[in-house]
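Input: a single structure, listed below in structure tokens.
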Amino acid sequence: MPKVIIAGCGFLGEAAADLFFSSGWEVIAFGREDSARRLAGKPYEVRSQDLTREFLLAPPWRGADALIYSVSTRGGDAEAYRSAYLDGFLNALAAAKPRRSLFVSSTSVYAQKDGEWVTEDSPADPPRDTGLILRDAEGVALASGGYAARLAGLYGPKRSVLLKRYLGKEAALDGEGSRWINQIHRDDAARALFHLYTHRCAPGVYNVADDHPATQREVYQWIADFLGGDLPGQAQGEVVRRRGASNKRISNAKLKATGWLPVFPSYREALPELVRAEE
């Protein structure tokens, strides 16, 4: 039975662990103390572990078929990023010595601003130290013959920032709402991670995004149409965005060429599920 170690069993890591387990893999997952308590009833072992410190792993798990490093800082500065994403990943690799690792990264490493299409061959020159640290961690995975999965904005049931803002009457258009938004449903992201291993895809960088980048105006129009509401007005004052001033469209063509297809080709197809989860 193949073995997978999920280091970081949060929103995405839990979905990935469930998928691997249901497909016949032996799974062990590590997460924060609160995550370990929440997932105590899972049919696989979930341990509380500070991944930024010494990584404790029993001998049977050393040399596992797969290590998926999927942590989150929940915000934080460059020091927090370095500790969680780079130091923690190095700790996990040293302890697990997996056959192949996968580092879950972000499309925020692309800094393009002109709405152009971005592929894995496009320059990835993030302007912030946090993005540079992600690139460093990607380099560790790639140097060992592994994967770097650059995820677009992750969303799913009870976790859609755009929908919550709309429902909370906090939504506002940034100017004309022409900025491009790239997203991926959590379950499609988990399937992408699983696909890279089970289809023995070539090591390297893969963008994980849905088929339809949409402008901010388009996304809010989808939500308004589905709920029978109005399109939000324009924001007043300067808008500060979590992912900075980038404006691009992420191509998923490389990943799709390996046979992966998203169940939710765009955010619009996911709306019924997302709205039900908020009721």
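The values are calculated or read from the model by the stated rules, or taken from the named source; none is laboratory data. Bear in mind the structure is a predicted one, so any value in this text is a computation, not a measurement. For neighbour counting, all protein chains shown are included, and Cβ atoms are generated from backbone atoms with ideal geometry for every residue, glycine included.
Could you look through the range 125-140, keep only residues that are of a type in the set (Gly, Ala, Ser) and without any contact (Cβ under 8 Å) to a residue 40 or more places away in the chain, and pick out the one that is nearest to Leu93 (Cα to Cα)?
Step by step, filter the range 125-140, then rank; the result is Gly139.
Here are some conditions: (1) acidic (Asp, Glu); (2) closer than 17 Å to Val263 by Cβ; (3) out of contact with any helix residue (DSSP H, G or I) (no Cβ under 7 Å at 6 or more places or on another chain). Glu218 meets all but one. Which one does it not meet?
Among (1) acidic (Asp, Glu); (2) closer than 17 Å to Val263 by Cβ; (3) out of contact with any helix residue (DSSP H, G or I) (no Cβ under 7 Å at 6 or more places or on another chain), the lone unmet condition for Glu218 is (2).
Say we look at the range 198-232 and pick out the residues that are of a type in the set (S, T, N, Q) and in contact with a Leu (Cβ under 9 Å, 6 or more places away or on another chain); which of these is surrounded by the most Cβ atoms within 10 Å (Cβ to Cβ)? Explain how you work it out, then say what you get.
Initial filter on the range 198-232 (of a type in the set (S, T, N, Q)): 198, 207, 215-216, 221.
Add one more test, that the residue is in contact with a Leu (Cβ under 9 Å, 6 or more places away or on another chain), and what stays is 207, 216, 221.
Numbers: Asn207: 26, Gln216: 20, Gln221: 17.
Going through the qualifying residues, I end up with Asn207.
Only one of Leu51, Leu56 is aliphatic (A, V, I, L, M), modelled with pLDDT under 95 and crowded, with 21+ Cβ neighbours inside 10 Å; which?
Of the residues listed, the single one that is aliphatic (A, V, I, L, M), modelled with pLDDT under 95 and crowded, with 21+ Cβ neighbours inside 10 Å is Leu51.
Any chance the range 74-87 includes a residue that's surrounded by fewer than 17 Cβ atoms within 10 Å (Cβ to Cβ) and more than 18 Å from Ser105 (Cα to Cα)?
no
Which residues, taken from the range 192-212, are in a strand (DSSP E or B) and either among the small types (Gly, Ala, Ser) or farther than 18 Å from Phe20 by Cβ (or both)?
Gly204, Val205, Asn207, listed by residue number.
I'd like the full set of residues that are farther than 22 Å from Val205 by Cα, surrounded by 14 or more Cβ atoms within 10 Å (Cβ to Cβ) and basic (Lys, Arg), limited to the range 249-276.
The answer is Arg268, and nothing else.
Within the range 1-41, how many residues turn out to be part of a strand (DSSP E or B), out of contact with any Lys or Arg (no Cβ under 6 Å at 6 or more places or on another chain) and of a type outside the set (Gly, Ala, Ser)?
First pass over the range 1-41, keeping only residues part of a strand (DSSP E or B): 3-7, 26-31.
Then drop every residue that is not out of contact with any Lys or Arg (no Cβ under 6 Å at 6 or more places or on another chain), which leaves 3-7, 27-29, 31.
Now drop any that are not of a type outside the set (Gly, Ala, Ser), which leaves 3-6, 27-28.
Qualifying residue count for the region: 6.
Restricting to the range 42-82, count the residues that are hydroxyl-bearing (Ser, Thr, Tyr), in contact (Cβ under 8 Å) with a residue 24 or more places away in the chain and in a loop (DSSP other than H, G, I, E, B).
4
Filter the range 138-161 down to the residues that are in a helix (DSSP H, G or I), touching a helix residue (DSSP H, G or I) at 6+ places or on another chain (Cβ under 9 Å) and surrounded by fewer than 20 Cβ atoms within 10 Å (Cβ to Cβ) and list them by number.
Selection gives Val140 alone.
Got a number for residues in the range 177-191 being surrounded by fewer than 24 Cβ atoms within 10 Å (Cβ to Cβ), part of a helix (DSSP H, G or I) and touching a strand residue (DSSP E or B) at 6+ places or on another chain (Cβ under 6 Å)?
1
Could you grab me the full set of residues in the range 20-41 that are surrounded by fewer than 19 Cβ atoms within 10 Å (Cβ to Cβ) and in contact (Cβ under 8 Å) with a residue 40 or more places away in the chain?
Answer for the range 20-41, where residues must be surrounded by fewer than 19 Cβ atoms within 10 Å (Cβ to Cβ) and in contact (Cβ under 8 Å) with a residue 40 or more places away in the chain: just Ser23.
Hey, any hits in the range 114-133 for a residue that's crowded, with 24+ Cβ neighbours inside 10 Å and assigned to a helix (DSSP H, G or I)?
no
Just a yes or no: is a residue in the range 213-226 farther than 17 Å from Thr107 by Cα, part of a loop (DSSP other than H, G, I, E, B) and of a type in the set (Ser, Thr, Tyr)?
no
Going by what's in this entry, would Tyr85 be described as closer than 28 Å to Ala15 by Cβ, among the aromatic types (Phe, Trp, Tyr) and touching a strand residue (DSSP E or B) at 6+ places or on another chain (Cβ under 9 Å)?
yes
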